[in-house]
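Enquirer: Right, I'll just put the structure down here and ask away after.
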């Protein structure tokens, strides 16, 4: 039999474990299984037809490609922000630290409208970018910006403690062993931060795939070109095609699950290895 | 390599970690920097390594074999550094850790892969961990990790090896083992080494010369024998080994310690002044009956015969504690009782006059 309990000075294992299972079931597992139940209202052929429809396929490509790019953008720039916030002291640091959380706190529709206003043809940024041939609003680039915006705090907040915990002596050791700064960064710092970077990347990516509110304003929702999967789900629901909507949702769910699972496996492999497993 | 440290000063805010320190370390010797925490020993080591800078206005310099290296970055000084907490790269195998300094070299100086393999294996064999090349640091014991760190430091073929409390994080037994192992290794490879420690036993056992530091200054430099038996200052006297301290007065060729008077011909001046007396526990003896004025009456407080000698703690009438170390057969012969009144006799004492503390008066037998 599996040994669930270890002796603990704090009682309450049964009740807390029971609560956890019940709560997770109510909040996460039951709604998710309802999704599959709903989708099973379709026959297999109908299901395949729905989820492989050209317009739907275009939306998958767009959603996953933009989410991936947004997560990459966040990994690079979020890293710089987190590094600056941890390693340096400067006036206004606490303010900048608070600003990082804004995308968490703001209603996504608000950020969507704000971004659209800035990047549209007559907006603050748009009016300079448009003549250069860079179209942001109502284009995939705008979707990436909106996704990067909402995903930024995930990267920064997961990297900060990891950067804080970096072994300063390991950096000194690298320097004294003859490594230059770039070598120290690439061979010592980045690998040490890899697990945290991957976690932040995965969270940012997952958030971007699921993002709806801020994206629908800036994307323009042109079928086959700037229409994300979440929007397709909503429009199917608007047409009372619940089964079709859930079918697409199922595909999104499974795809996100596979991506997150892969990232977690890589991350587990990295940290398990250096912690002493084989 | 000869290391010449000249007039180094280093402050951290208002705190002076090093105050005008000069030191010469000779080719091939193993020097221990010994002192309590905050004495500046680690700062001095890090400055020699190039991990720390000297104060901006400081005129001092560091020279290796006569070449000024004060402004040379750590990676270009040709030093090996061993950190207290190993500082191994956790995401790399033992092999990759030791190979790191070879792999980061500029292309034209970088050995070919086969050469790297050979050199790393050689270093791992040197630290007797040849079989652990594929392990990760987390899979090793503390002692093993420190030996890997040492192998890695030696991979740069350093002209000087700097060790910052290398055994500080280890168990007493492992520490003892590694200590004698380090000494043997040094006798084998003869690289000039500087070891920082706060453990006097470690310094006395391992080093050729000991630099005793206190409050950012050097108190004394000498062989283990010199600093232990001929301490130059009160601080060295108190820091190295256990010692009984008494405050008394001295004048007219006589020293007075409470009721006790001692002839002290090397201070014949009429003017009486305060003086501090130091007596090592093993230089004291216990007598049942007084046979002269040189003895101090005291009460037995505690006895501990566990060890190669017996430690007896006593208390004078004024409440000053005295620690006496007796050979075990002498201890058995006395068969002391707790709370018994006895007399303490000193075979040797050192006297320091407070306002001339740097010049120790000659040892004087009471």
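All of the numbers you see were taken from the coordinates with simple rules; none came from a lab. What you see is a predicted model; the values in this text were computed from it and never measured. Quick reminder, even Gly has a Cβ in these numbers, built from the backbone with ideal geometry, and neighbours come from all protein chains shown.
Enquirer: Calculate the mean, over all residues of peptide B:64-77, of how many other protein chain Cβ atoms lie within 10 angstrom of the residue's Cβ. Don't skip to the end; give the middle numbers.
Expert: Working: counts 0, 0, 0, 0, 0, 0, 0, 0, 0, 4, 6, 10, 2, 2.
Shielding by partners across B:64-77 averages 2.
Enquirer: With runs of 4+ DSSP H residues as the only contributors, calculate the mean residue ellipticity of chain B at 222 nm using -39,500 (n - 2.57) per run, divided by the residue total and rounded to the nearest 500.
Expert: -7000 deg cm²/dmol
Enquirer: In percent, what relative contact order does chain A have, based on Cα pairs under 8 Å that are 6 or more apart in sequence?
Expert: Reported as a whole number, the value is 28 percent.
Enquirer: With a Förster radius of 22 Å, plug the Cβ-Cβ distance of residue B:339 and residue B:238 into 1/(1 + (r/R0)^6) and report the FRET value to the nearest 0.05.
Expert: FRET efficiency, residue B:339 to residue B:238: 0.15.
Enquirer: Another one. Per DSSP H run of at least 4 residues, take -39500 (n - 2.57); add these up for chain A, divide by its residues and hand me the 222 nm value, nearest 500 deg cm²/dmol. The partial results should precede the final answer.
Expert: Numbers: 15 runs with 203 residues, N = 278.
Helix contribution divided over all residues of chain A: -23500 deg cm²/dmol.
Enquirer: Could you work out the mean count of beta carbons from other protein chains within 10 Å of each residue's beta carbon in B:94-104? Could the numbers behind the result be given before it?
Expert: Details: counts 0, 0, 1, 2, 0, 0, 8, 6, 2, 5, 10.
Mean shielding by partner chains, rounded to a whole number: 3.
Enquirer: Next question, about the same structure. Distance between the C-alpha centers of the stretch B:152-191 and the stretch B:1-23? Whole Å please.
Expert: A separation of 24 Å, based on Cα centres.
Enquirer: Can I ask one more? Pick from A:151, A:92, A:213 the residue whose mean-square fluctuation is largest in a GNM of chain A, springs joining Cα atoms under 10 Å.
Expert: Greatest mean-square fluctuation among the candidates belongs to A:92.
Enquirer: Still on this structure: Once label points are set 7 Å from the Cα along Cα→Cβ at both residue B:12 and residue B:329, what is their separation, rounded to one decimal in nm?
Expert: 5.2
Enquirer: Measuring from label point to label point, each 7 Å out along Cα→Cβ, what is the residue A:254 to residue A:44 span in nm?
Expert: My value for the distance between the label points is 1.2 nm.
Enquirer: Evaluate E = 1/(1 + (r/R0)^6) for residue A:224 and residue A:134, where r is the Cβ-Cβ distance and R0 equals 25 Å; express this FRET efficiency to the nearest 0.05.
Expert: For R0 = 25 Å, the calculated efficiency reads 0.70.
Enquirer: How much length, in nm to one decimal, is gained on full extension between residue A:212 and residue A:105, taken as 0.36 nm per residue of separation minus their Cα-Cα distance?
Expert: Between residue A:212 and residue A:105, full extension yields 37.0 nm more.
Enquirer: If you fit an axis through the alpha-carbon atoms of helix B:172-189 and take the longest principal axis of the Cα set of chain B, what angle between them do you get, 0 to 90°, nearest 10?
Expert: That works out to roughly 60 degrees.
Enquirer: Please arrange B:250, A:189 by how many other C-beta atoms lie within 10 Å of their C-beta, fewest to most.
Expert: So the residues, fewest neighbours to most, are A:189, B:250.
Enquirer: Does anyone have the angle between helix B:142-154 and the longest principal axis of chain B? Alpha-carbon axes, 0 to 90°, nearest 10?
Expert: 60
Enquirer: Let me ask something additional. Hey, with R₀ at 22 Å, roughly what FRET efficiency would residue A:94 and residue A:164 work out to, going by the Cβ-Cβ distance, to 0.05? Display every interim value, and only then the final one.
Expert: Details: r = 16 Å, r/R0 = 0.73.
FRET efficiency, residue A:94 to residue A:164: 0.85.
Enquirer: If you don't mind, another one. State the Cα centre-to-centre distance between the stretch A:16-59 and the stretch B:196-217 in whole Å.
Expert: Here the two parts' Cα centres lie 70 Å apart.
Enquirer: If packing is taken as the mean number of other Cβ atoms within 10 Å per residue, what is the order of B:104-112, A:133-141, highest first?
Expert: A:133-141, B:104-112
Enquirer: Pick from B:352, B:343, B:167: which is most flexible by mean-square fluctuation in a GNM of chain B where alpha carbon atoms under 10 Å apart are linked?
Expert: B:343
Enquirer: For the pair residue A:61/residue B:184, report the inter-label distance in nm, with labels modelled 7 Å from Cα in the Cβ direction.
Expert: Result: 7.0 nm between the two label points.
Enquirer: Report the residues of the stretch B:1-23 in range of a label on residue B:61: point 7 Å along Cα→C-beta, backbone N strictly under 16 Å from it.
Expert: So the set is B:2-9, B:21-23.
Enquirer: When the Cα centres of the stretch A:133-193 and the stretch A:236-272 are compared, how far apart do they sit, in Å?
Expert: If you average the Cα positions of each part, the centres end up 26 Å apart.
Enquirer: A follow-up question, please. Top mean-square fluctuation among A:252, A:193, A:182, Gaussian network model of chain A, C-alpha springs under 10 Å?
Expert: A:182
Enquirer: Using a 10 Å cut-off around each Cβ of peptide A:162-168, what is the average number of partner chain Cβ atoms that fall inside?
Expert: Values: counts 0, 0, 0, 0, 0, 7, 1.
Average per residue, whole number: 1.
Enquirer: May I pose another question? Please compute the length gained on full extension between residue A:84 and residue A:15, using 0.36 nm multiplied by the number of residues separating them and subtracting their Cα-Cα distance.
Expert: Once the chain is fully extended between residue A:84 and residue A:15, it gains 20.5 nm.
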